[in-house]
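A quick write-up on the structure given underneath.
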Amino acid sequence: MQVDHGQIRTKKSFLPLKLDGWDKSWSPYIYVGRHHTHKIILICKEDLVVTTCAMAATAEIKIGQVDDVQELHRMGLETVPDRYIRDGDDRPDGDNVCALAHIPVIDVGELPGDDELNKLRLACEEWGFFQVVNHGVEEELLDEMENLTREFFMLPLEEKEKYPMAPGGIQGYGHAFVFSEDQKLDWCNMLALGVEPSFIRQPKLWPTSPAKFKETLERYSVEVRGLCQRLLAHIARTLALPPATFRDMFGEAVQAVRMNFYPPCPRPELVMGLSAHSDGSAVTVLQQDMSCAGLQVLKGGAWVPVHPVPHALVINVGDTLEASQVLTNGRYRSVEHRAVTSAEQDRLSVVTFYAPAYDVELGPLPEFVTDEAPCRYRRFNHGEYSRHYVTSRLEGKKTLEFAKIN
Ligand SMILES: O=C(O)CCC(=O)C(=O)O
């Protein structure tokens, strides 16, 4: 079947193609239909189809038995099921952890002062990760979000399962990024929700218990969105770009939140809380509780733990940030990170992903392509990249291969 890649059409205009129907299970903006042996994917913005692609139809996703790790913990197991046990190289190896290093801390209240801007530039260039203090998101709101998220994870399993994440899906309660029966699992429970624009929301997956959860998440998301926009303006300044560069380019930015809960694990040396990955976002804002330094960032081949600072937020540049690898042609890097577990303590994180609108075309800015730094990334549609990201398992920076010019 001829699929005219890149041509803007309405969803309706695809209906005469006699696709079997629309499978809306991924999310409201991506429609998957089948035509004979091909799977047709339409990435839509409301009624407009912004990108299409056709691929050989794959079998239905079977993810096998996925135990709820909080329930495993409650059972008081002394070991962990095989599906969680990592192969040797893939274990959180203590020898390769650089416990003394610290990611930079940026005082947002001091931006755009020259000294702090310089610190921010170095943080983006050398780490791709930093913590922010004085960031303008109220401490009470951070506390409230953390407490309500914890309350949600403490609900009985039957209650949480009212918001199920479909196999291979990315929204709801469960395990994201699982695509096969033999894939190793992370020691983590997740609640993931699309927030903005409204057409990515799946309201049925927003918990009604705890009672104030929804309203608090709304307020929290507005505040964190504002922080992302302020940070992007400062990051643009560090690249000598006009502060509005990203705002103008990203259009109606996409915002999603993932809440991760890592119960204590009887064999933390054998499992991964969250597999190493870089983020598909432009910028990510991570709130973590004070329990332990479970987040680790890869720096110079060693894993650096991110020690919680009270009411600070952890920021990292993602694959598609204009100030990250693709748009700066490799000058600022999105960095691999992972979460490890503890035998004694549980841990909670609330993670916001902020990314360009799906119909935005991304590619290195001309400013960053020179004879010394030839173009390393092709132009691509962000919706296409998002789709690629959420249908791939978390595996270091592999998803970014999508955009690389070999
Ligand atoms: O929980 C953490 O610290 C890591 C979370 C994370 O990297 C993610 O949700 O993508």
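Listed values, structure above:
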read-out	value
Qualifying residues in segment 333-375 (those that are over 19 Å from the mean Cα position of the chain (by Cα) and of a type in the set (D, E, K, R)) - the one nearest to M259 (Cα to Cα)	D346
Any hit, segment 314-328, residues being within 14 Å of the ligand (Cβ to nearest atom), surrounded by fewer than 24 Cβ atoms within 10 Å (Cβ to Cβ) and at pLDDT 95 or above	yes
Selection count, segment 269-307, where residues are within 10 Å of the ligand (Cβ to nearest atom) and without any contact (Cβ under 8 Å) to a residue 40 or more places away in the chain	1
Per-region count, segment 343-380, residues more than 16 Å from the ligand (Cβ to nearest atom) and touching a strand residue (DSSP E or B) at 6+ places or on another chain (Cβ under 9 Å)	14
Hits in segment 187-200 (condition: modelled with pLDDT under 95 and part of a loop (DSSP other than H, G, I, E, B))	P197
Residues of segment 377-394 satisfying the condition of being in contact with a helix residue (DSSP H, G or I) (Cβ under 9 Å, 6 or more places away or on another chain) and not in a strand (DSSP E or B)	R378, R379, H382, E384, Y385, H388, Y389, S392
Matching residues in segment 149-171 - criterion: being in contact with a helix residue (DSSP H, G or I) (Cβ under 9 Å, 6 or more places away or on another chain), within 21 Å of L274 (Cβ to Cβ) and modelled with pLDDT of 95 or more	T149, F152, F153, M154, L157, K160, Y163
Unique residue being assigned to a helix (DSSP H, G or I), farther than 29 Å from L313 by Cα and assigned by TED's automatic domain parsing to the domain that holds G251 when the list is E158, E146	E158
Counted residues, segment 154-186 - those being farther than 30 Å from E252 by Cβ and in contact with a strand residue (DSSP E or B) (Cβ under 6 Å, 6 or more places away or on another chain)	2
Extreme residue, farthest from Q171 (Cα to Cα), among residues of segment 346-393 that are loosely packed, with under 15 Cβ neighbours inside 10 Å and not charged (D, E, K, R)	T370
Only one of G109, G136, G113, G128 that is farther than 21 Å from V309 by Cα and among the small types (G, A, S)	G113
Qualifying residue in segment 99-109 (condition: touching a Phe, Trp or Tyr at 6+ places or on another chain (Cβ under 7 Å) and part of a helix (DSSP H, G or I))	no
Cβ-Cβ under 7 Å pairs, at least 6 apart or on other chains, segment 186-209 side under 18 Å from L155 (Cα atoms), far side among the charged types (D, E, K, R) and within 16 Å of the ligand (Cβ to nearest atom)	M190/R258; A192/R258
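Matching residues to (1) more than 16 Å from the chain's Cα centre (by Cα); (2) buried (at least 16 other Cβ atoms within 10 Å of the Cβ); (3) not assigned by TED's automatic domain parsing to the domain that holds H311:
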site	(1), (2), (3)
M165	no, yes, no
F179	yes, no, no
K184	yes, yes, no
L193	no, yes, no
P203	yes, no, no
T208	yes, no, no
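The values are calculated or read from the model by the stated rules, or taken from the named source; none is laboratory data. This structure is a prediction, so every number in the text was calculated from the model and none was measured. Cβ sites come from the backbone with ideal geometry, for glycine too, and all protein chains shown count toward neighbours.
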